[in-house]
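Contents: one structure, followed by commentary.
The values are calculated or read from the model by the stated rules, or taken from the named source; none is laboratory data. It should be emphasised that the depicted structure is a prediction, and the values quoted were computed from it without experimental measurement. Glycine gets a Cβ as well: all are built from the backbone with ideal geometry, and neighbour counts include every protein chain shown.
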Amino acid sequence: MKVNRNMTNLQIAQLLRAVAAALELTPGDNRFRQIAYERAADAIEHSSSEAKDLWDDNELASLPGVGESIASHLDELFRTGKVRHFDSILKEFPPALFELLDIPGVGPKNALKLCKALGITSAHSAISKLEKAAKKGQVALIEGFGEDSQAKILTGIIEQKGRSKRLLLNTAQTIADSIQNWMEKIPQVEKINALGSLRRQASTVGDIDLSVASDDARAVIEHFTKYPQKSRVLEAGTQTASLTLPNEYQVDLMVQPSQAYGSLLQHFTGSKHHNILLREYALKKGLSLSEHGIKRAGKVVQFESEQKFYNFLGLDWIPPELREGENEIQLALTHKIPKLVELADIRGDLQIHSNIDVEPSHDLGESTLRELAEKAKQLGYEYIGLTEHNPAVSGHTEGKIEELIKKKTEIVHSFHDSIHIFNGMEIDIQPGGKRALPDKCLSMLDYACVSVHSSFRQNKSDMTKRVLAALDHPKVKFFAHPTARLLNEREGIELDWDQIFDFCLKNGKWLEIDGWPNRLDLPDVLAHEAVKSGVKIVIDTDSHSADHLDYMRYGVSVARRAWCTRNDIVNTLPLTGMRKLLC
DNA sequence: GCCGTTTTCGGCCCGACTGTTTTCAGTCG
């Protein structure tokens with residue numbers, strides 16, 4: 001592991017987890033110190049701010065789980081690029097050990113045994129050395145290991161190699177639907193739900209989690225392990241089972257009888273961090289929580305609904321999107337959980353690409369204005385906005401560009417229907433901050449949004465100036481897919497978000513949540529920060545065909561995870577309200 | 001090592017599954 005001053009949150013989390021693993025292997029060490037390091041790792045990995053920025057503002061210890069001691073170690077890390085205390089703990093163990101922890105099923109104790117028995121020391125190619133040894137049958141000979149655990153290590157290595165990417169939310173939904181259909185073929189399945197990060201609507205999903213209500217868990221699990229598209233069955237017990245799909249994605253299933261289904265939903269929805277906090281809260285009331293129910297004085301109370309489960313604890317029901325272990329439990333206790341925006345609140349979609357050919361700089365849409373309007377009416381919208389990309393700058397004179405915009409404007413204005421069409425445009429922000437459309441053309445439009453489609457790696461300060469310059473025009477209403485990230489493909493750009501929020505707030509600009517499944521941008525944590533600052537959000541789909549308008553549900557999911565209410569979202573306004581904002 | 005609606009000291013979430021044991025340790029979510 002390379003330790004340096006510029007570590008990302010994920011890298012720091014991995015460093016802290018390595019320390020936790022080393023502590024676990026240190027004889028006589030306090031088990032809870034180890035847990036403390038793991039919690040600090042979780043807190044940093046899930047923080048909405050870069051740890052280094054928090055350190056700059058002397059706010060590291062504001063992260064729950066990061067106290068005085070770990071904060072001072074991180075201070076040393078950011079000042080000097082290393083942490084002597086961590087070094088002294090880690091140097092007792094072969095670097096290879098920490099690599100082996102990546103293999104599912106291999107924990108600190110077994111990793112150490114493997115390193116010692118097989119003589120694997122360096123981090124470099126540690127996993128492939130283990131793989132070779134296992135294939136030669138050497139692992140089965142080590143004390144405490146056998147043929148089965150050797151085979152398990154080999155499948156674990158396959159899994160580790162194949163699982164570099166997380167599933168996009170919409171893909172996960174499709175897979176879950178297919179398994180759900182399979183499970184519903186047998187009568188013993190009374191209820192079935194997809195839970196975990198999918199139910200919490202995280203932008204990407206690691207595992208697919210399913211729960212079933214049934215009095216015959218055996219039959220349910222047996223049927224599950226016969227799912228036709230499975231690759232391998234990882235485990236199958238009396239209440240839970242796991243299998244993998246051909247692309248190494250894992251599916252976990254858990255079964256409880258109907259009368260205890262509420263606690264199962266709660267348990268399996270997570271997040272892990274939410275559950276830990278909830279159990280700690282319950283413990284103070286003398287209650288112990290599990291997927292079976294709530295244990296009070298040795299007796300388990302069962303719950304058929306999740307609502308009853310939370311109410312029994314004196315809490316309001318908490319929407320799954322908010323169960324990430326922030327302050328949702330305290331708010332549920334004092335009846336302060338906000339009413340989150342819903343799909344039905346949305347009145348229109350302001351980033352749609354039609355097939356009106358303005359000879360654009362990027363992809364043209366596929367659907368006609370008529371097709372888009374019909375689809376939007378089906379969704380119950382009052383308005384949509386067409387935002388084709390600006391005409392390509394190269395190969396067009398300013399006169400030609402003007403002509404193209406004029407032509408498009410005439411098409412939009414001559415279209416009459418019960419749904420209102422706003423005449424917009426998505427404009428590239430050039431590397432220097434200039435908009436890729438002459439201001440003369442802007443005056444023909446009802447509005448525009450701006451976005452970054454090139455030079456993604458500028459430094460934070462230049463990038464921030466670039467974006468603010470482009471936003472600074474009365475017709476420019478919002479900043480589209482603001483981080484420009486592509487999930488599993490491209491990191492987002494670097495911006496000084498406080499400056500962006502501040503500018504938006506002062507100048508009435510909005511930030512977009514783009515519902516396109518591999519964008520989902522703004523990301524939930526940043527959108528949460530934005531609305532806390534008072535910045536308004538517009539949720540769009542970035543549709544390039546009429547079918548894509550259905551992606552609105554994913555944009556709304558991001559907004560819900562960002563704690564947005566209807567008031568935070570401008571396109572919950574009816575047409576009259578939106579007209580005032582745009583014209 | 002962290003933290004406070006019983007606590008600044010004394011606690012720290014809970015259970016399932018597997019493999020290798022012969023009653024439990026390790027790992028996971």
What do you reckon, is residue A:335 part of a loop (DSSP other than H, G, I, E, B), over 22 Å from residue A:479 (Cα atoms), without any contact (Cβ under 8 Å) to a residue 24 or more places away in the chain and under 32 Å from the mean Cα position of the chain (by Cα)?
-> yes
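Check A:68, A:38, A:50 and return the single one that is more than 17 Å from residue A:107 (Cβ to Cβ), surrounded by 13 or more Cβ atoms within 10 Å (Cβ to Cβ) and not hydroxyl-bearing (Ser, Thr, Tyr).
Values: A:68 fails: surrounded by 13 or more Cβ atoms within 10 Å (Cβ to Cβ); A:38 fails: more than 17 Å from residue A:107 (Cβ to Cβ).
A:50 is the lone residue from the list that is more than 17 Å from residue A:107 (Cβ to Cβ), surrounded by 13 or more Cβ atoms within 10 Å (Cβ to Cβ) and not hydroxyl-bearing (Ser, Thr, Tyr).
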What single numbered condition from (1) surrounded by 21 or more Cβ atoms within 10 Å (Cβ to Cβ); (2) farther than 22 Å from residue A:376 by Cα; (3) free of Cβ contacts under 8 Å to residues at least 60 places away in the same chain fails to hold for residue A:507?
-> (1)
Could you pull out the residue among A:487, A:495, A:520, A:471 that is on the phi > 0 side of the Ramachandran plot and either modelled with pLDDT under 95 or not hydroxyl-bearing (Ser, Thr, Tyr) (or both)?
-> A:520
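Report, by residue number, each residue of region A:203-213 that is buried (at least 17 other Cβ atoms within 10 Å of the Cβ) and within 13 Å of DNA strand B (Cβ to nearest atom). Walk me through it before giving the result.
Of region A:203-213, the ones buried (at least 17 other Cβ atoms within 10 Å of the Cβ) are A:203-205, A:207-213.
Correct list: A:205, A:207, A:208, A:209, A:210, A:211, A:212.
Quick check: anything in region A:165-178 more than 12 Å from DNA strand B (Cβ to nearest atom), polar (S, T, N, Q) and in a loop (DSSP other than H, G, I, E, B)? Reasoning before the result, please.
In the first step, residues of region A:165-178 are kept if they are more than 12 Å from DNA strand B (Cβ to nearest atom); the result is A:165-178.
Now drop any that are not polar (S, T, N, Q), which leaves A:170-171, A:173-174, A:178.
Add one more test, that the residue is in a loop (DSSP other than H, G, I, E, B), and what stays is none.
So far as region A:165-178 goes, no, none of its residues is more than 12 Å from DNA strand B (Cβ to nearest atom), polar (S, T, N, Q) and in a loop (DSSP other than H, G, I, E, B).
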In region A:385-444, what count of residues is obtained for those that are more than 25 Å from residue A:549 (Cβ to Cβ), aliphatic (A, V, I, L, M) and assigned to a helix (DSSP H, G or I)?
-> 2
With the first residue restricted to region A:92-120 and required to be farther than 17 Å from residue A:133 by Cβ, and the second required to be buried (at least 17 other Cβ atoms within 10 Å of the Cβ) and of a type in the set (Asp, Glu), Cβ contacts under 9 Å at 6 or more apart or on different chains are A:104/A:159; A:107/A:24; A:108/A:24; A:109/A:24
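Restricting to region A:130-158, and then to whatever is basic (Lys, Arg) and either buried (at least 20 other Cβ atoms within 10 Å of the Cβ) or farther than 18 Å from residue A:96 by Cα (or both), can you tell me which residue is nearest to DNA strand B (Cβ to nearest atom)?
Within region A:130-158, the first condition is being basic (Lys, Arg), and the residues that meet it are A:132, A:135-136, A:152.
After this cut, where a residue has to be either buried (at least 20 other Cβ atoms within 10 Å of the Cβ) or farther than 18 Å from residue A:96 by Cα (or both) as well, the list is A:135-136, A:152.
On the way: A:135: 16, A:136: 16, A:152: 5 Å.
Step by step, filter region A:130-158, then rank; the result is A:152.
So which helices (runs of 4 or more DSSP H) stay within region A:218-330 end to end and still have 2 or more residues that are touching a residue at least 60 places away in the same chain (Cβ under 8 Å) and crowded, with 21+ Cβ neighbours inside 10 Å? Can you show your working first?
Working: elements: A:261-269, A:272-284, A:306-312.
Filter on region A:218-330 gives A:261-269.
Search region A:264-308 for residues being of a type in the set (Asp, Glu) and within 7 Å of DNA strand B (Cβ to nearest atom), and hand back the single one that is modelled with the highest pLDDT.
So the first thing to find is which residues in region A:264-308 are of a type in the set (Asp, Glu), and the list is A:280, A:291, A:304, A:306.
When the remaining residues are screened for being within 7 Å of DNA strand B (Cβ to nearest atom), the result is A:280, A:291.
On the way: A:280: 90, A:291: 93.
Restricting to residues being of a type in the set (Asp, Glu) and within 7 Å of DNA strand B (Cβ to nearest atom), the top hit is A:291.
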